[in-house]
Amino acid sequence: MLDADARGRLALDMARHVIDVLAQCPGIDRIVVLSNEAFDHPAAVWAKDGGQGLNAEISAFRNGFGASPLLVIHADLPLLARDDVDALLDAATRHGAALATDRLGQGTNALALADGRSFSFQFGQGSRILHCGADVAMPVLQRTGLSADLDTPADLEFLQERGLRV
């Protein structure tokens, strides 16, 4: 639905929005953008993606980061608000981990690990079931700001109906 330039601008705008929201959250000490291209934002630092694939890259980052609390959140959440992040972090604090699913309830748009547990990242198709298999009692949130990602033309239409401008 969008040409390459429009897709690139939209991706950057969404990433900046997510970082801006995260920067407002007192429970977040440091924001790291894991990307294959350098990313400049005053509230974040950039970590180079080595091209091993999303799950391997996040695991490698986590191994270097240690067993500290970690929030993995995707950058394609243009409706994300501070209340959404606070709700996810609160659920993770109470349980040790919490997940935010997509609008269809099948994917994982954010994953918060508050208790330093080891975790096998399984992002991709059907990731909610895979992630919840590691902890069947893990809270799963489905809030509009966390669930309205941008993967398909239907997602774009949903977001545009809610004010996203491309």
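The values are calculated or read from the model by the stated rules, or taken from the named source; none is laboratory data. Here the structure is a predicted model, which is why all the values come from computation and not from measurement. Cβ atoms come from the backbone with ideal geometry, glycine included; neighbour counts cover every protein chain shown. In case anyone asks, the SASA skips ligands and DNA or RNA and just uses the protein heavy atoms, side chains included. Shrake-Rupley method; radii C 1.70, N 1.55, O 1.52, S 1.80 Å.
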Does segment 3-26 contain at least one residue that is open to solvent by 50 Å² or more (accessible area, probe 1.4 Å), over 24 Å from D90 (Cα atoms) and assigned to a loop (DSSP other than H, G, I, E, B)? yes
Segment 44-65 - residue that is within 24 Å of Q125 (Cα to Cα), among the small types (G, A, S) and free of Cβ contacts under 8 Å to residues at least 24 places away in the same chain and, of those, surrounded by the fewest Cβ atoms within 10 Å (Cβ to Cβ): G51
Can A100 be described as in contact with a strand residue (DSSP E or B) (Cβ under 8 Å, 6 or more places away or on another chain), assigned to a strand (DSSP E or B), among the small types (G, A, S) and open to solvent by less than 10 Å² (accessible area, probe 1.4 Å)? yes
Residue ID - surrounded by the most Cβ atoms within 10 Å (Cβ to Cβ), chosen from residues in segment 66-84 that are part of a helix (DSSP H, G or I) and out of contact with any Gly (no Cβ under 7 Å at 6 or more places or on another chain): R82
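The rows are residues; the columns are (1) open to solvent by 30 Å² or more (accessible area, probe 1.4 Å); (2) in contact with a helix residue (DSSP H, G or I) (Cβ under 9 Å, 6 or more places away or on another chain).
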site: D86; (1), (2): yes, no
site: L89; (1), (2): yes, no
site: D115; (1), (2): yes, yes
site: H131; (1), (2): no, no
site: Q142; (1), (2): yes, no
